[in-house]
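To start, the structure itself, in structure tokens.
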Amino acid sequence: MTYRKLLQSYLKGQWGKVGLFTLALFGGIAVQLIAPQVIRAFIDAAAAGAEMGFLWRLAAWFLVLAVLNQGFGLLATYVSADVGWSTTNALRLDLFRHVLRLDMSFHKDRTPGELIERIDGDVTHLSNFFAQFLAQMLAGLLLIIGILVLFWLEDWRVALPITLYVLAATWFMHRRREVAVPASEMERETNARLFGSIEERLSGLDEIRANGAGRHVLVRYLMVQREWFQKSYKAWRLRSTIWTAMGFWNVTGNALAIALAIVLYRQGVLTLGSAYLFYYYMTLLEGPLDRITGQLQEFQRAGAGFRRVKDLLAVQPQIVDGEGVELPAKAHSLAFVDVSFSYGDAKVLQGINLRLEAGESLGLVGRTGSGKTTLTRLLFRLYDPQVGRIELDGVDVRQLHLKTLRRRVGLVTQDVQLFKGTVRDNLTFFDRTVSDEHIYEALETLGIRRWVESLPQGLDTPLQGDGGGLSAGEAQLLTFARIFLQDPGVVILDEPSSRLDPATEKLLTHAMDRLFAGRTAIVIAHRLETIQRVDKVMVLVDGKVAEFGPRAELAGDPRSIYRTMLEMSGRSEIEERLERVKQA
């Protein structure tokens, strides 16, 4: 993608506003070129002793031109801001949509704060590029050309050195136009890391305070902030070289114009009004040169943002959408066929073979790091296995549209994600087309309608971000209802009872039974009580299937791993109860 393609893509539908902005700029240019002529006429007329009426008329014309200039400037400012916000908001939306499509491996390597800065911060620096850059550069060049033409029409002896001065200043700006782009790009990257550091520390504030790690966190943050300051200072210093140099060029140009005007006035070649006209045009010439300088500085910032946006858009998901095989709305059979998967060099799953018939339920157990959660991520195609395939109803999941796959497979994660909004919004993902009757029907089926109705405002009860206002167990029950409304054919519960208190666990057990009815289910659990109702059990050890079979058979086999785990769990439960009695 080039700058030209970027402009063409996001200025579609905005060309009318761009034309109005350009018209306002050109109108301002015409007014600025005419106004000094009125001033010269006023000075020469006053020096010649003209009547007051004529001088008043000239003054009135000058005021009219001044008002027009302000009006054109106001219109240009308003339209440019409108174009800038419209285009950058469209670009932000495209970037956000693109980031949502990227693989989990991409998101694992980047913090949310870093992505926020790339989606919002980098795009903000492109707003001036969309709104003003071309028009301001073109308007500045036209104003410079207009002033030089008027100089040549007045006196070539003044016009020649002024023209050489403008050419030298323009050459200098051209040579310095991208001097700070690499440094500005590093500044943007460091700024993204700073935002990521802030987000990471704030999200872990409870643990930081509980462990007394405040000093360590501040030191780490200071190191990131110091790097950001150094990179930002370097970028600012390089960008400021253009502005500093243009200050020198402006002083040189004014001195040149004044010296030429004085010499020619003493020689009687110029009138007093013409001498002032040259000085006025010279100061007027500073305006477009300064604007061009400012636009070049903004272009350097935009260049850094553009490169980072371009790099982000160039990242393509490795998970390719399928051809689009449809699945009926029913329970699906599920099969893992010789599935192996690694995160880099770390082997997580090796030769997994598993088959569940439609409507069967599976309890998945194993130590932490045995690959239980990874197994479900592969089913969702958050990752694809390096070896083997996963099938729903005999269809390789890679042949399904991702939207279809994730509609037919529902997931309740261990870490519940609730959003700022009402209970209804969190159940329907802000889909207003879902009726209250349908919601209450799902809640009734799961056996939690009375609990939801007992909330202060029922479905309209507002929730804070991360489920503020609900207990951990209540928040997890809402995710059950959310999945039930989705009506998938396969349900995955990742540690569903890990966040539940004993009272709420009774609601969970009833809700699980209703949720599993007519669906294929996988339950990942550390607490073996959670999978007492499943049909089959799989035990994973170091990414391999150590044991797989009907739950009742494995529980009754004294040589099975699952039977051993049940016995150990029972002894642990007895010990916990004795300890509580002892403490009491």
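The values are calculated or read from the model by the stated rules, or taken from the named source; none is laboratory data. Just so we're clear, the structure is a prediction, and the values are computed from it rather than from any experiment. For neighbour counting, all protein chains shown are included, and Cβ atoms are generated from backbone atoms with ideal geometry for every residue, glycine included.
Values computed for the structure shown
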read-out: Total residues in the range 339-354, condition at negative phi, surrounded by fewer than 19 Cβ atoms within 10 Å (Cβ to Cβ) and either over 35 Å from the mean Cα position of the chain (by Cα) or not charged (D, E, K, R) (or both); value: 7
read-out: Sole residue being farther than 25 Å from Leu11 by Cβ and surrounded by 15 or more Cβ atoms within 10 Å (Cβ to Cβ), chosen from Gly113, Gly73, Gly84; value: Gly113
read-out: Positions within the range 417-458 being within 18 Å of Ala472 (Cβ to Cβ) and out of contact with any His (no Cβ under 9 Å at 6 or more places or on another chain), in sequence order; value: Gln417, Leu418, Phe419, Lys420, Val423, Asn426, Leu427, Trp451, Val452, Ser454, Leu455
read-out: Selection within the range 377-432 - among the charged types (D, E, K, R), in contact (Cβ under 8 Å) with a residue 40 or more places away in the chain and assigned to a helix (DSSP H, G or I); value: Arg377, Arg398, Arg407, Arg408
read-out: Condition check for Gly394: touching a strand residue (DSSP E or B) at 6+ places or on another chain (Cβ under 6 Å) and in the same structural domain as Gln464 (by TED's automatic domain parsing); value: no
read-out: Cross-chain or 6+ apart pairs with Cβ under 9 Å, the range 156-174 first and among the aromatic types (Phe, Trp, Tyr), then loosely packed, with under 15 Cβ neighbours inside 10 Å; value: Tyr165/Thr252
read-out: Qualifying position, being surrounded by fewer than 21 Cβ atoms within 10 Å (Cβ to Cβ), at pLDDT 80 or above and either of a type in the set (Ser, Thr, Tyr) or out of contact with any strand residue (DSSP E or B) (no Cβ under 7 Å at 6 or more places or on another chain) (or both), among Ala255, Ala213; value: Ala255
read-out: Selection status of Gln14, under 30 Å from Asn89 (Cα atoms), touching a residue at least 40 places away in the same chain (Cβ under 8 Å) and out of contact with any Leu (no Cβ under 7 Å at 6 or more places or on another chain); value: yes
read-out: Selection count, the range 514-534, where residues are under 38 Å from the mean Cα position of the chain (by Cα) and either assigned to a helix (DSSP H, G or I) or farther than 23 Å from Leu485 by Cα (or both); value: 4
read-out: Pairs, first farther than 10 Å from Ser127 by Cβ in the range 84-97, second of a type in the set (A, V, I, L, M, F, W, C), C-beta under 7 Å, six or more apart; value: Arg92/Ile119; Arg92/Val123; Leu95/Ile119; Leu95/Val123; Leu95/Val309; Leu95/Leu312; Phe96/Ile119
read-out: Residue check, Gly28 farther than 30 Å from Ala314 by Cα, assigned by TED's automatic domain parsing to the domain that holds Leu284 and among the small types (Gly, Ala, Ser); value: yes
read-out: Residues of the range 432-451 that turn out to be hydroxyl-bearing (Ser, Thr, Tyr) and either surrounded by 12 or more Cβ atoms within 10 Å (Cβ to Cβ) or modelled with pLDDT under 85 (or both), as a count; value: 2
read-out: Subset of the range 288-338 [at pLDDT 85 or above and at positive phi]; value: Asp338
read-out: Phe429 being on the phi > 0 side of the Ramachandran plot and modelled with pLDDT under 90; value: yes
read-out: Selected residue [under 27 Å from Ile147 (Cβ atoms), assigned by TED's automatic domain parsing to the domain that holds Ile119 and hydroxyl-bearing (Ser, Thr, Tyr)] from Thr22, Thr88; value: Thr22
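Here's the yes/no breakdown for (1) among the small types (Gly, Ala, Ser); (2) farther than 30 Å from Gly305 by Cα:
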site: Leu6; (1), (2): no, no
site: Ala47; (1), (2): yes, yes
site: Met52; (1), (2): no, yes
site: Ala59; (1), (2): yes, yes
site: Leu63; (1), (2): no, yes
site: Leu75; (1), (2): no, no
site: Ser86; (1), (2): yes, no
